[in-house]
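Right, one structure below, let's go through it.
Taken together, the values in this text are just the output of simple stated rules run on the coordinates, not laboratory data. None of these values were measured; they are calculated from a predicted model. Cβ placement follows ideal geometry from the backbone for every residue including glycine, while neighbour counts extend to all protein chains displayed.
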Amino acid sequence: MTATPRAIELTEIAALAAAEKLASDLVAYDVSDQLAITDAFLLCTGANDRQVRSIVDEVELQLKMAGATLKRREGENESRWVLLDYADIVVHVQNKEERIFYALERIWNDCPRIALPEAALAAKGAES
């Protein structure tokens, strides 16, 4: 099983939105073979809690405009690690310390990566 075209589309939209707010270290994984609850994870980093909030706001706006419905949001009060669950995709926006400490890439590194648009990867520190 692979991520649906809609999940890939939403992942790309979310990545571009995050990059617009200068998120770094963007990487997306197709987790559809590992999880029954979602197809894709997008991971990105904000330099500080304020930037994390800004990234989250832009991702929510762009995904809403694309017709995606937010099912669940976690971590908003602390703004250190905010999880946005859209069923097809889950977006993780973490500050630098949380990203390093939890290292989600270690967990999902065996999953195929989803190619992100060049414009999203142009952000400082973005991965391909």
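Exactly one residue out of A119, A115 is of a type in the set (A, V, I, L, M, F, W, C), part of a loop (DSSP other than H, G, I, E, B) and out of contact with any Lys or Arg (no Cβ under 8 Å at 6 or more places or on another chain): that is A115.
Scanning region 40-57 for residues that are within 18 Å of I89 (Cβ to Cβ) and over 12 Å from the mean Cα position of the chain (by Cα) yields a count of 1. Screening region 1-38 for residues that are surrounded by fewer than 20 Cβ atoms within 10 Å (Cβ to Cβ) and of a type in the set (S, T, Y) and picking the one that is nearest to the chain's Cα centre (by Cα) gives S24.
Scanning region 74-95 for residues that are touching a strand residue (DSSP E or B) at 6+ places or on another chain (Cβ under 6 Å) and either among the basic types (K, R) or exposed (fewer than 15 other Cβ atoms within 10 Å of the Cβ) (or both) yields E74, E76, R80. Looking only at residues of region 96-124 that are in contact with a helix residue (DSSP H, G or I) (Cβ under 9 Å, 6 or more places away or on another chain) and among the small types (G, A, S), we find that the one that is surrounded by the fewest Cβ atoms within 10 Å (Cβ to Cβ) is A122.
Restricting attention to region 58-77, the residues being within 13 Å of the chain's Cα centre (by Cα) and either assigned to a strand (DSSP E or B) or among the β-branched types (V, I, T) (or both) number 2.
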